Amino acid sequence: MYDIPFVRFAAPCAILYLFFYFLIVNPPMDQTDSANQIPPEEAQALRQKGLRLMEAKQFEDALEPLTKLHLASPDSHIYHHDLAEVFHALGNYEEEVKMWELYMVHSPVPGDGCPQISEAYRALGKLDEVMKSTKRCFDFEPTNADMIFFYAHELERRGQTAQARQLYEKGRALAPNYPDINVGLARTRSASGQDAEAKKLVDEVLKTRPDNVDALVAAGLIYARMGQRAPAIQFLRHARVLAPAYREVETLLAGVMRNRYVRQMQ
Amino acid sequence: MNLLLTTHVSSLPAIGIALRAIIASFFVVTSLFSLLAFVPFTYEVFHKAELVPVLNSFGRMHHRLYWGVLLLAAIAFALEPLPGVVERARKAVRVRAMFWLVHVPIGVWTLWKPVFAVMVNGYSSYLWALAMLEPLLYLSLVLWWERWPGLRWSAQAAADDRRVFFAAACSAAFLSLVYSLVAIWRGQASLGLVDRVFGVSTSFVTHLLVCLALFVILNLIAVVAGWFRRPPLVQFAICYLFGCTVFFLTIRSMVFPSISFNGFQANFYAGALAVTVSIFLASLSVARHAPGAKSIESGLTLALWMRATGEPIVRTWRRVALSALALGIAAAAIAIGSAKTDWNHLFQKLTALAVWIAAFRLFYAVGLWKVAGGRHQTGRLLIAAFFLLPAYRLTEAGATAVWPRSGSPVTFSRFLDVYSGFDASFKIMHDALGSGAVDNGYYQFLSKNTNLPRSVTIKPAPMNLADASAPPASAADRSQLPHIFIITVDSLRRDYLAPYNSQVDFTPSIAKFAQEGIAMKNSFTRYGGTGLSEPSIWVGGMMIHQQYVTPFSPMNSMQRVLEEYDYKMFVSRDSILQTVVAETPKVKLLDEGVQTMNYDLCRTLTELEPKLDAASHGPVFAYTQPQNIHISAINREGGKAIDDGNYGTFYAPYASRLKRLDGCFGDFIQKLKNRGIYDSSIVVLTADHGDSLGEEGRWGHAYTIFPEILRVPLIIHLPASMRDRYVTRPEALSFNSDLSPTIHYLLGKRPIVKGEMYGRPLFTEKIDEQNAYKRDHYLVSSSYAAVHGILSGDGRFLYTSDAVNFKESWFDMTETAPSAHRATSSMKLEYQKLIREKIGIVSRFYSFAPLEGGK
């Protein structure tokens, strides 16, 4: 068979092509992505050490073992998550964001990085990135009530009330007893003039969660709009007691008490 | 003339071959010497700094040597018989005469104007590089023209598949044996028994694979040649075409990237050199063949400079064994001997390639004798070659699976990277097969933006470290200004100094100096290699990758501030600082008349000491960059320790010279104290870069940015008046390029600007001030080739992109001896983007758009 002229030519050509293909074009699988692992026992010990230090609030010290793990397994979402939390605790939001970004790429459940990634961007003042990351989170799991709430809340913050309300409605349909969604829906309904429905919603929430600060604030706002200053002041005072650091409560309360707020709104 | 007109034609005598080899070597070396003047980086290193003095001597003597070579050419012509046909012989005489008509005037002209004595960094050198290939080409073509008609080609090719297969298999075994022994010898401190077993077996299988691939190629050539009327002739031509292509690719992909020579000019020169050398070798093949009754049966045999008529060449096993032994010893001696002076394995790899050819020729000759004739078994041989491919893959997969059981802390692929550092022959194949490089433009981008040629015009970009309108220094009174002494020891490693390594006991003076001052614990250089690292110290930050943007003074922030404060400067103006440091009345030279490579700290400080009388009249600044422990200086001095001290695991030739340097440094400090100026001086001991001293087979600093090269010592002594006033964080990431901003700050220039391009003050009045300068990522680069990296995590993490070898690696710098890990796909994505961005920032600072290399 080898004496056939074509075979004599084709055989070495085919072999050379195979050599080229399997050695140059498609070389053996690079084991790198999974091969830089620290031996399992050592990795386990390092992580336990890192978690222990995190628990003890020794975040600076926790960086070392966790960074080592991250360098050994740069694509491990577990270490991204750990390090992101450490950087958050240290106030290093730049690094935190990077870890969450890596986490989003490598984690099988990237939504678990929400809303931390958005909040880290917010801490950096990168508001556009906040919006984008919230949208990304929503896109990961569009039927997850949490993701719906985060996205709707962000839209609401940006004044896109109609879109926010749509999402809240969708969220309420999926999770009718989700207080944050109900409160958000109440706020957006009130903003669109549907104060009665809004009042109904916050009342429902406050019935089961009388200490929900957001609900109290929303109630104060809605009741004030409806001219019911006394209960509005009561809600807001309660909210102030529960969350003294919540500055907006103080402002709202002052406004309602001076009756200016209502007038302005009217 | 009658002698020349002989009508009897015989093969070229051995003396003729030898003469032509000498002539060819002369012109090839001249051409390469000229090329080194054209490439900016090699011009600085070889022509200006005279890294290899023999090359510069060659250039200076070239106009005389040229006449010697012409004389050899005359002898060669006299010895070489003319063609048998009288008419052709007469033409040959005229053609030979033309050679003298052209090349004698050139010789006369170079006597009048010896261009190679002092070459310029410009296109004229490139043209000379090309022009110097012409004599070789001319002589080769003359020989070819004279000899060609005398050759008789058989109408049928000899069946030598078995010979080729035999030669390929034996070469594989021979090469893997020789270079494995070299690897075991060189890596005895690093390679354990298991490592050796895995390394040697992998090396053998890989050699076998590549050699049998060569067999398949040669078989294909023979098949194609068989289609023609005179198969041996076509086989001969294709063999040389194949050789020429391999030579071109070797030059273009292995040699030129390592000196940052890219683009059309590189391609053109590589092509010209490959063609010229191939024609020269082919002409010798033709000339060596004695035209006789027998016709040429094998083009391959002729191409390998053997009798191509089927007669046996090597007759005894003893002779074969002796030849193999001699070749093996020579290969091992070259590999071991050149390792410490090599340019990141380049010379070892090139010589290994030459040994490949020699080994193949040797065993092919054996084949002529031993396995000639016999039945056609080509089909079976091809099948055997084919089955080696799955066998290779299976072996590799098996080794990867078994390897973890050896208890090695590194992966098998990582181990092979290490092993290849000791086995040059395996390294050629490992690098070629392991790179898996599909360049999406990134490596082209790096190459294009590295060592930008001077033909690319870049305007100077002023490095103003402090606001020009900043208030004058509070210590404007000149008598209160500190004296400043910066000693940048070329290639000084941090871990060879006592302040950084408790095991070091041979640098007591530096240890004491560090106790009196501050040793920055986490210091690096931004550039591997003196070419850019030394200028960056004066610049106080990053520079565009060109040697050099001129005039350089706008970038030289350190000289500017020293001039502003009226410092009297004493500077060892080495070959690089001749461009970087402007000649002004304030600059007085140290080491005047001393070659850069001979700068000796002891001599320089002895020269400086009496000049410090000037310190009583005003502030004094001194800078020197001694070469005492530079690897080429050590090798030039025989590569031996200079005393009988016991340096344990430290590299004694380096450590012993460092010990001497330490003594001189200590004496100088004492003299400063005796003069009473030590406590009013800023004294800095640092390095431009570190060095590889055998790590994983690496030596020197070539074009790499391994951790041991980027890490530098940085020890600073402040005047007493400043010690209480300023604070620092020794553990914070710092660079030697932070010195200029630091001096600015300490002289009272505030605020020091922040930005990617700038260094930072290492000392500030409040520690908080330093936080503002912190960056997440720092670009680091080789001075000499397209190798760039990112240093991040406060120096805990280093990522490198090597566009010479197409490798991406990362290092955990917290390890005692950080070793390269292969980068993962996600890391490549992230860090390649970062490196691109950073190079873009540096380029744009110079109002220069980075050259794109594709998508």
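When chain A is treated as a GNM, springs tying every alpha-carbon pair under 10 Å, which of A:Glu141, A:Glu94, A:Glu55 comes out with the largest mean-square fluctuation?
Judging by the Gaussian network model, the answer is A:Glu55.
Apply the a/c threshold of 1.5 to the C-alpha gyration tensor of segment A:195-266 and tell me whether it is rounded, prolate or oblate.
Working: a/c = 2.20, a/b = 1.11, b/c = 1.97.
Oblate shape, in that a/c is at least 1.5 and b/c is the bigger or equal ratio.
Mind putting a number on the dipole of segment B:552-674 about its Cα centre? Charges go on the C-beta only, +1 for Lys and Arg and -1 for Asp and Glu, and I need it in Debye to the nearest 20. All intermediate terms of the calculation are to be shown ahead of the outcome.
Values: 14 positive and 16 negative charges, 27 e Å.
The dipole of segment B:552-674 has a size of about 120 debye.
Between segment B:392-437 and segment A:52-110, what is the separation of their alpha carbon centroids in Å?
Taking the Cα centre of segment A:52-110 as reference, the centre of segment B:392-437 is 32 Å away.
Please name whichever of B:Leu394, B:Leu133, B:Trp153 sits farthest to the positive end of the charge dipole of the protein assembly as shown, dipole taken about the Cα centre and charges placed at Cβ: Lys and Arg +1, Asp and Glu -1.
B:Trp153
Restricted to Cα positions, what overall size does chain A have along the principal axes? Three whole-Å values, descending.
Answer, in whole Å and largest first: 104, 48, 31 Å.
I need to check one value: relative contact order of segment A:195-266, counting alpha carbon pairs closer than 8 Å and at least 6 residues apart, in percent.
26 percent
Pull the list of chain B cysteines that no other Cys approaches to under 4.7 Å, Cβ to Cβ.
Cys with no partner Cβ under 4.7 Å: B:Cys170, B:Cys211, B:Cys239, B:Cys244.
Report the FRET efficiency, 1/(1 + (r/R0)^6), for A:Glu169 and B:Leu851, where r is their Cβ-Cβ distance and R0 is 56 Å, rounded to 0.05.
0.55
Would you kindly enumerate the cysteines in chain A that have no other Cys beta-carbon under 4.7 Å from their beta-carbon?
Result for chain A is A:Cys13, no neighbouring Cys Cβ within the cutoff.
Using Cα-Cα distances under 8 Å and only pairs 6 or more residues apart, what relative contact order does chain A have, in percent? Could you put the intermediate results ahead of the total?
Details: 294 pairs, mean separation 19.1, N = 266.
It rounds to 7 percent for chain A.
Just to confirm a number: summing +1 for Lys and Arg and -1 for Asp and Glu over residues other than B:Ser124 whose beta-carbon lies under 14 angstrom from that of B:Ser124, what do you get?
After counting each charged neighbour, the total is +2.
If you place +1 on the Cβ of every Lys and Arg, -1 on the Cβ of every Asp and Glu, and leave all else neutral, what size is the dipole of the protein assembly as shown about its Cα centre, to the nearest 20 Debye?
Result for the protein assembly as shown is approximately 2840 debye, rounded to the nearest 20.
Which whole-number percentage describes the relative contact order of chain B, with Cα contacts under 8 Å and a sequence gap of 6 or more?
Reported relative contact order: 15 percent.
Need one number for the protein assembly as shown: average projected area of the convex hull over its C-alpha atoms, nm².
Mean projected area for the protein assembly as shown: 56.1 nm², to one decimal.
If you stretched the chain out fully between A:Met257 and A:Val105, how much longer would it get, using 0.36 nm times the residue separation minus the C-alpha to C-alpha distance? Don't jump to the answer; show the numbers that get you there.
Numbers: separation 152, 0.36 × 152 = 54.72 nm, distance 4.96 nm.
Fully extending the segment from A:Met257 to A:Val105 adds 49.8 nm.
Starting from the Cα coordinates of chain B, work out the convex hull volume and express it per residue in Å³.
176 Å³
Once you order the gyration tensor axes a ≥ b ≥ c over the Cα atoms, which shape class does segment A:44-103 get: rounded for a/c under 1.5, otherwise prolate or oblate by comparing a/b with b/c?
Cα axes put segment A:44-103 in the oblate bin.
Counting pairs of Cα atoms in segment A:119-197, how many percent are more than 20 Å apart? The partial results should precede the final answer.
Numbers: 897 of 3081 pairs.
I get 29 percent for the Cα pairs in segment A:119-197 exceeding 20 Å.
Which ³J(HN,Hα) values, rounded to whole Hz and listed in residue order, are derived for segment A:222-231 from phi using the Karplus coefficients 6.51, -1.76 and 1.60 in 6.51 cos²θ - 1.76 cosθ + 1.60 with θ = phi - 60°, glycine and proline given as x?
3J(HN,Hα) across segment A:222-231, in whole Hz: 6, 4, 4, 4, 7, x, 9, 5, 4, x.
Sticking with the crude label model, points 7 Å out along Cα→Cβ, report the distance from B:Lys512 to B:Thr457 in nm, one decimal please.
In this crude spin-label approximation the distance works out to 5.7 nm.
For a test of the definition: using alpha carbon positions, the gyration tensor, and the 1.5 limit on a/c, classify segment B:699-855 as rounded, prolate or oblate. Walk me through the intermediate numbers first.
Numbers: a/c = 2.24, a/b = 1.61, b/c = 1.39.
Prolate shape, in that a/c is at least 1.5 and a/b is the bigger ratio.
So, with +1 on the Cβ of K and R and -1 on the Cβ of D and E, and no other charges, what is the size of the charge dipole of segment A:44-103 about its Cα centre, to the nearest 20 debye?
280 debye
Work from the charge dipole of the protein assembly as shown (Cβ charges, +1 for Lys and Arg, -1 for Asp and Glu, about the Cα centre) and give the residue of B:Val224, B:Pro508, B:Met463 farthest towards its positive end.
My answer, from the dipole projection, is B:Val224.
Roughly speaking, what is the centre-to-centre gap between segment B:656-708 and segment B:110-178 when only Cα atoms are used, to the nearest Å?
Rounded to whole Å, the Cα centres lie 46 Å apart.
Between A:Asp128 and A:Val7, what FRET efficiency comes out of the Förster formula 1/(1 + (r/R0)^6) with R0 = 56 Å and r the beta carbon distance, rounded to 0.05? All intermediate terms of the calculation are to be shown ahead of the outcome.
On the way: r = 65 Å, r/R0 = 1.15.
For A:Val7 and A:Asp128, the calculated efficiency is 0.30.
Please give the net charge around B:Arg560, taking every other residue with its beta carbon less than 15 angstrom from that of B:Arg560, where Lys and Arg add +1 and Asp and Glu add -1.
The answer is -3.
How charged is the neighbourhood of A:Ala219? Take every other residue with its Cβ under 15 Å from the Cβ of A:Ala219, and add Lys/Arg as +1 and Asp/Glu as -1.
+2
Give the distance, in whole Å, between the Cα centre of segment B:44-99 and the Cα centre of segment A:178-235.
100 Å
GNM, chain A, Cα, under 10 Å: largest mean-square fluctuation among A:Val130, A:Val183, A:Val25?
Most flexible of the set in this elastic network: A:Val25.
With springs only between Cα atoms under 10 Å, which of A:Thr188, A:Thr161, A:Thr143 fluctuates most in a Gaussian network model of chain A?
Taking springs between Cα atoms under 10 Å, the residue moving most is A:Thr143.
Bear in mind these aren't lab numbers, they're just calculated from the coordinates by the rules spelled out. Keep in mind the model is a prediction, meaning the values are calculated, not measured. Every residue, glycine as well, gets a Cβ built from its backbone with ideal geometry; the counts of neighbours run over all protein chains shown.
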